[in-house]
1. Looking for something modelled with pLDDT of 80 or more, assigned to a helix (DSSP H, G or I) and not hydroxyl-bearing (S, T, Y) - is there at least one such residue anywhere in the stretch 107-125?
2. Name the one entry in N420, N396, N408 that is surrounded by fewer than 22 Cβ atoms within 10 Å (Cβ to Cβ) and touching a Lys or Arg at 6+ places or on another chain (Cβ under 9 Å).
3. Search the stretch 1-18 for residues that are outside any loop (DSSP other than H, G, I, E, B) and pair each with any residue that is among the small types (G, A, S) and loosely packed, with under 15 Cβ neighbours inside 10 Å when their beta-carbon atoms are under 8 Å apart and the residues are at least 6 apart or on different chains.
4. Run down Q25, Q40, Q17 and say which single residue is surrounded by fewer than 17 Cβ atoms within 10 Å (Cβ to Cβ), within 15 Å of E70 (Cα to Cα) and assigned by TED's automatic domain parsing to the domain that holds E151.
5. Of the residues that sit in the stretch 130-154 and are of a type in the set (D, E) and modelled with pLDDT of 90 or more, which one is surrounded by the fewest Cβ atoms within 10 Å (Cβ to Cβ)?
6. Filtering the stretch 380-421 down to residues that are among the small types (G, A, S) and touching a His at 6+ places or on another chain (Cβ under 9 Å), which residue is nearest to A257 (Cα to Cα)?
7. Considering only the stretch 25-40, how many residues are in a helix (DSSP H, G or I) and touching a Lys or Arg at 6+ places or on another chain (Cβ under 8 Å)?
8. Just give me the residues in the stretch 63-83 being within 21 Å of F20 (Cβ to Cβ) and surrounded by fewer than 17 Cβ atoms within 10 Å (Cβ to Cβ), in sequence order.
Amino acid sequence: MIQLKEEFKNLIPPLTQEEFRQLEQNIIAEGIRENILTWQGIIIDGHNRYKIATKWGLEYETTSKHFKDEEAVKEWMILNQFGRRNLSNYQRSVLALQLEEVFTKKAKENQGNRNDILHNSAESKPIDTRKELSKIASVGHDTIARVKKIEEKADEETKAKLRTGEISINQVYTDIKKQEKREEQRTRVLSERNNDNISTEENIKNGDSLEILETLPDESIDIVLTDPPYGISYISNRSIFEDTITKRGIMNDGKEAIELLDKTCEILSRKAAKNSHLYFFCSWSVFSSFESIIGKYFTIKTPIVWDKGNKGSGDLDNDWGNQTEIVIFCTKGKKLINKRLGNIINVPRMHTSKMIHPTQKPEELLKTILDVSYIDGDFVVDPFMGSGSTIKVANNMGAKSLGIELDNEMFQIANKYLKNA
């Protein structure tokens with residue numbers, strides 16, 4: 001009786017729906033012309049033909065082949081596929097990689113057979129597994145190595161796109177390497193933390209900004225400088241933190257982020273001094289929403305444009321490159337400025353290797369802003385401190401300040417960053 005073995009079946013690259021449909025139509029019209037091959041009663045070639053024959057009650061014939069063991073069967077099945085189908089480089093590489101274990105065993109056997117007598121014999125010559133696999137697959141050594149990494153790291157959806165040619169091996173491999181680098185950087189940063197030995201800075205707090213702001217005396221804040229959550233998903237190939245506050249929960253929900261901004265501004269309208277300055281970073285994509293909310297509580301003045309000096313990523317084919325962010329400058333009462341600057345600030349964005357937060361702002365930019373508004377004795381507050389850069393700049397200026405961060409992990413990182421300043 002004919003048998004199926006999943007391990008054998010899985011060695012064969014699956015047909016696409018269209019390929020299977022075409023094969024099925026041909027078999028219904030012409031019958032099964034090729035014998036189904038078996039080894040010890042197990043199908044080793046003709047799985048799709050057998051499936052169609054069983055479905056439609058069609059007759060088929062089998063031919064038994066002989067191999068010394070299962071390893072020999074696997075090797076034959078894989079090599080047989082290369083000559084039967086028009087496979088992509090990805091599919092050919094995946095097939096070849098399934099031979100890796102076979103060749104590794106052969107390499108060990110040959111190495112074990114080496115001795116002084118047989119040192120120069122062909123049998124004892126070491127096998128270069130990657131070279132052999134790339135030769136069989138008719139691809140380069142690097143392609144085999146990259147596909148191996150992809151098989152280990154990529155999800156099934158990505159692999160399906162590779163099989164159909166929607167994405168390239170190089171594209172997926174590059175994305176995987178970037179992700180690995182981010183994970184390594186993140187692990188290094190987190191491993192450098194020693195929370196047990198680091199006391200918390202007195203002017204930063206881990207918790208809900210709405211609750212902590214309410215504990216402050218009314219009309220006590222002189223300057224607010226903050227980068228609130230925008231309510232848009234922040235997925236960056238450059239960021240080393242994939243699970244920070246800007247990427248989960250309320251921070252990725254547009255409606256909730258705007259509601260949070262509204263509640264924060266309402267509290268700040270009571271906690272800000274009679275004559276105070278407030279600065280809110282925002283993206284052009286949420287500017288209208290931010291302006292509408294902030295304008296309910298404060299007088300919006302001239303928006304500040306931060307020119308980062310180089311374009312960010314985005315729609316590379318159908319859009320201008322964005323290299324700016326907006327800072328909404330607003331006032332409560334009439335706090336005088338120290339000096340009048342133009343509303344475009346040219347400060348290069350931070351290099352990702354120096355960032356500890358995905359949206360971290362350069363200290364030079366924050367100091368430029370504070371220099372316009374800060375006078376001795378002012379109380380500076382950042383309700384969404386992230387990396388703690390605003391607090392670091394305020395500390396360096398000798399200002400009284402308070403930073404608030406909800407995300408505990410980010411808070412600990414910011415705390416060490418401030419301790420090491």
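The values are calculated or read from the model by the stated rules, or taken from the named source; none is laboratory data. It should be emphasised that the depicted structure is a prediction, and the values quoted were computed from it without experimental measurement. Ideal geometry is used to build each Cβ from the backbone, glycine not excepted, and the neighbour counts take in all protein chains shown.
1. So far as the stretch 107-125 goes, no, none of its residues is modelled with pLDDT of 80 or more, assigned to a helix (DSSP H, G or I) and not hydroxyl-bearing (S, T, Y).
2. The match here is N396.
3. Pairs found: Q3/G41.
4. Q40
5. E152
6. It comes out as G386.
7. Here the count works out to 1.
8. N80, F82, G83 - these are the residues of the stretch 63-83 that are within 21 Å of F20 (Cβ to Cβ) and surrounded by fewer than 17 Cβ atoms within 10 Å (Cβ to Cβ).
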